[in-house]
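Report on the structure given below.
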Amino acid sequence: MNKLRSLAAATVVAVGFTVTVAWLLQTSSSASDSDTPAVAQPALSVAVTTLQPTMLPLTIAANGDVMAWQEASIGTEANGLRLASVEVNVGDVVQRGQVLATFASDTVNAELAQSRAAVAEAEAALAEAEDNAQRAHELRETGAMATQQILQYSTSARTARARLEATQAVERVQQLRLAQTQVHAPDDGVISSRSATVGAVLPTGQELFRLIRGGRLEWRAEVAASDLEKLQPDQVAKVTLPGGSELEGRVRTIAPLVDVSTRNGTVYVDLPASNIARAGMFARGEFELGTRRAMTLPQSAVLLRDGFSYVMRLGPDSRVVQTKVTTGQRVGEHIEIAGGIGASAPVVASGGAFLGDGDLVRVVEDPSSLDAMNRAEETP
């Protein structure tokens, strides 16, 4: 019995020793693990850039309407005639002297024939009167005819000449009316509107067509009075049309007056011939004044947060610092940085939107490998 008790006690002591040793080993391993510092992992692999000097254009922005350079109003000169035909429509390109419309000429032709007959009658009467006057002057020396009668023949000749001139004037009027039965284009250009209707009987002065002379258009830009002195004739203006198309025009003249309500002056810009610009369009544009030197960053490096512009500046410990910057003019893929960082400060070139202030990043020299590296980092 004593032997059994001794054996049980020895077994309990052995088991306790084994448990104690295991616990000590586990505690030692945990302490060793806790003493090892954790290694921080970068949030993103990025490429960096610095401010780069760039020559930016000096410009003045303006808005305005595209209008016809000059518009000609084409109306009827014939009174009370019926419009027989219309030869052109809106958008047609016409040449100077081209027939645009024709009025019925039957009445005018009849009146012209009557005037020509009156002229022929007046010519015959003048010839007879001049013959009588000539014979009377020949008889003056012989005394066979009284002086008073000779004067009467001379007066009749002058009267017949005046009557002939009057009938010839009436004939010219009828010829002019006949010419007016055809409406001609006063200049080369494009028909911008048409109100002519076949069969209408129109009074003198009724407008039939409107013509954009030469097909020329201009941009009438509204420019602030303070900027007018910077503009000169023949300066280049880039005009952006509603569809996004651009035209390069040149300043023709600057209005001598400034609008008292808007304090803007009108600058007239000649536009080149094109099929995309239309009179009446609203367009935006810029006047080029020259160039200036500025420091710029790619637009991908500048973030817009809470209404302000920021860049992710790289610190010496490879952690990014969100830095507020002042931006200026945007040209193409670059944006001017007017202040906020130094010229040599490294900033994240792209992908800054995925970073927060203080994030650790890995800087790579080859930007083309960024996508592959970031995908590999995201894969568990």
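Values for this structure:
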{"quantity": "Residue check for Ala273: over 30 Å from Leu44 (Cα atoms) and at pLDDT 90 or above", "calculated": "no"}
{"quantity": "So Val183, is it in contact with a Leu (Cβ under 6 Å, 6 or more places away or on another chain), surrounded by 15 or more Cβ atoms within 10 Å (Cβ to Cβ), at negative phi and assigned to a strand (DSSP E or B)", "calculated": "yes"}
{"quantity": "Among the candidates Ala162, Ala157, Ala133, residue that is open to solvent by less than 80 Å² (accessible area, probe 1.4 Å), in contact with an Asp or Glu (Cβ under 8 Å, 6 or more places away or on another chain), within 29 Å of Ala120 (Cα to Cα) and outside any loop (DSSP other than H, G, I, E, B)", "calculated": "Ala157"}
{"quantity": "Test set (1) assigned to a helix (DSSP H, G or I); (2) modelled with pLDDT under 90 - Gly143 fails condition number", "calculated": "(1)"}
{"quantity": "When residues of region 324-338 are limited to those that are small (Gly, Ala, Ser) and in a strand (DSSP E or B), the one least open to solvent (accessible area, probe 1.4 Å)", "calculated": "Gly328"}
{"quantity": "Selection within region 345-364 - at positive phi and either under 44 Å from the mean Cα position of the chain (by Cα) or crowded, with 16+ Cβ neighbours inside 10 Å (or both)", "calculated": "Gly351"}
{"quantity": "Number of the condition not met by Val198 [criteria: (1) among the hydrophobic types (A, V, I, L, M, F, W, C); (2) open to solvent by 60 Å² or more (accessible area, probe 1.4 Å); (3) free of Cβ contacts under 8 Å to residues at least 60 places away in the same chain]", "calculated": "(3)"}
{"quantity": "Wholly within region 218-307, strands (runs of 3 or more DSSP E) carrying at least 1 residues that are closer than 30 Å to Val90 by Cα", "calculated": "236-240, 246-258, 264-270, 282-298"}
{"quantity": "Gly307 open to solvent by 40 Å² or more (accessible area, probe 1.4 Å) and modelled with pLDDT under 90", "calculated": "yes"}
{"quantity": "So Arg210, is it crowded, with 16+ Cβ neighbours inside 10 Å, closer than 29 Å to Asp259 by Cβ and of a type in the set (Lys, Arg)", "calculated": "yes"}
{"quantity": "Where Asp106 falls short, out of the listed (1) within 30 Å of Asp317 (Cα to Cα); (2) exposed (fewer than 13 other Cβ atoms within 10 Å of the Cβ); (3) not aromatic (Phe, Trp, Tyr)", "calculated": "(1)"}
{"quantity": "Region 249-302: number of residues that are open to solvent by less than 50 Å² (accessible area, probe 1.4 Å) and of a type in the set (Phe, Trp, Tyr)", "calculated": "1"}
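For (1) without any contact (Cβ under 8 Å) to a residue 24 or more places away in the chain; (2) more than 25 Å from Glu286 (Cβ to Cβ); (3) of a type in the set (Asp, Glu); (4) open to solvent by 80 Å² or more (accessible area, probe 1.4 Å), each residue gets a yes or a no:
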{"site": "Asp227", "(1), (2), (3), (4)": "no, no, yes, no"}
{"site": "Val239", "(1), (2), (3), (4)": "no, no, no, no"}
{"site": "Pro242", "(1), (2), (3), (4)": "no, no, no, yes"}
{"site": "Leu247", "(1), (2), (3), (4)": "no, no, no, no"}
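The values are calculated or read from the model by the stated rules, or taken from the named source; none is laboratory data. The structure displayed is predicted, hence computed values, not measured ones. For neighbour counting, all protein chains shown are included, and Cβ atoms are generated from backbone atoms with ideal geometry for every residue, glycine included. Ligands, DNA and RNA are stripped out before the accessible areas are found, and what is left, the full protein with its side chains, is counted by its heavy atoms. Shrake-Rupley method; radii C 1.70, N 1.55, O 1.52, S 1.80 Å.
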